[in-house]
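In what follows, a single structure is set out as structure tokens and then discussed.
Every read-out reported here was derived from the displayed coordinates using simple, explicitly stated rules and does not represent laboratory data. Quick caveat, the model's predicted, so the values are computed rather than measured. Ideal geometry is used to build each Cβ from the backbone, glycine not excepted, and the neighbour counts take in all protein chains shown.
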Amino acid sequence: MVGDQVLGQETTTGRLSYQPIVAVFHNPPSQTLRIDLGDESIVATGIHRFWKAGRGWTMARELKPGDTVRTLAGLSTVRSVESDQVQPVFNLQVAEGRTFFVGRTGTLVHDNSLIEAVTDPFDAAPELESVVRKD
């Protein structure tokens, strides 16, 4: 997987770009949460960060029904957050931007690097024409 590219989004401009994966982290089994977004569920640890509209990076354990998270198509509403099983967990680190989309609907999450505060977030749906590929 290192060297593969993932689609991410710059959180102040909304610019989309493909970024190479620079590291994959295999972590021991941990308690996970199942976040139901209606069209799909995403399984993550409680400390994995999702982009919550109007707030920015938010740990999965802090998400609540009714919250909206950024997706490739715009926003998706959290329907429920339930405890799931203990299982091995993985995380990625990308070269630039520190974000990537996960799942079929493309939910924006943060990689395994330090979180930087975003004072002026871009919460509009991205323009697909603005995707930049790094080869």
Open item on the list: Using a 10 Å cut-off around each Cβ, can you sort HIS48, HIS26 from fewest to most neighbouring Cβ atoms?
Closed with: HIS26, HIS48
Open item on the list: Can you sort LEU75, LEU16 from fewest to most other Cβ atoms within 10 Å of each residue's own Cβ?
Closed with: LEU75, LEU16
Open item on the list: How would the range 5-116 be classified by its alpha-carbon gyration tensor: rounded, prolate or oblate, with rounded meaning a/c under 1.5 and the a/b versus b/c comparison settling the rest?
Closed with: oblate
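Nothing charged except the Cβ atoms of Lys and Arg (+1) and of Asp and Glu (-1): what's the magnitude of the dipole of the range 65-112 about its Cα centre? Round to the nearest 20 debye. Write down the numbers at each step before the final one.
Numbers: 4 positive and 5 negative charges, 31 e Å.
So the magnitude is around 160 debye.
If each residue's Cβ is checked for other Cβ atoms within 10 Å, how do ASP84, ASP111, ASP39, ASP67 rank with the fewest at the top? Kindly include the intermediate steps, with their values, before the conclusion.
Working: ASP84 15, ASP111 24, ASP39 11, ASP67 20.
By the 10 Å Cβ count, ascending, the order reads ASP39, ASP84, ASP67, ASP111.
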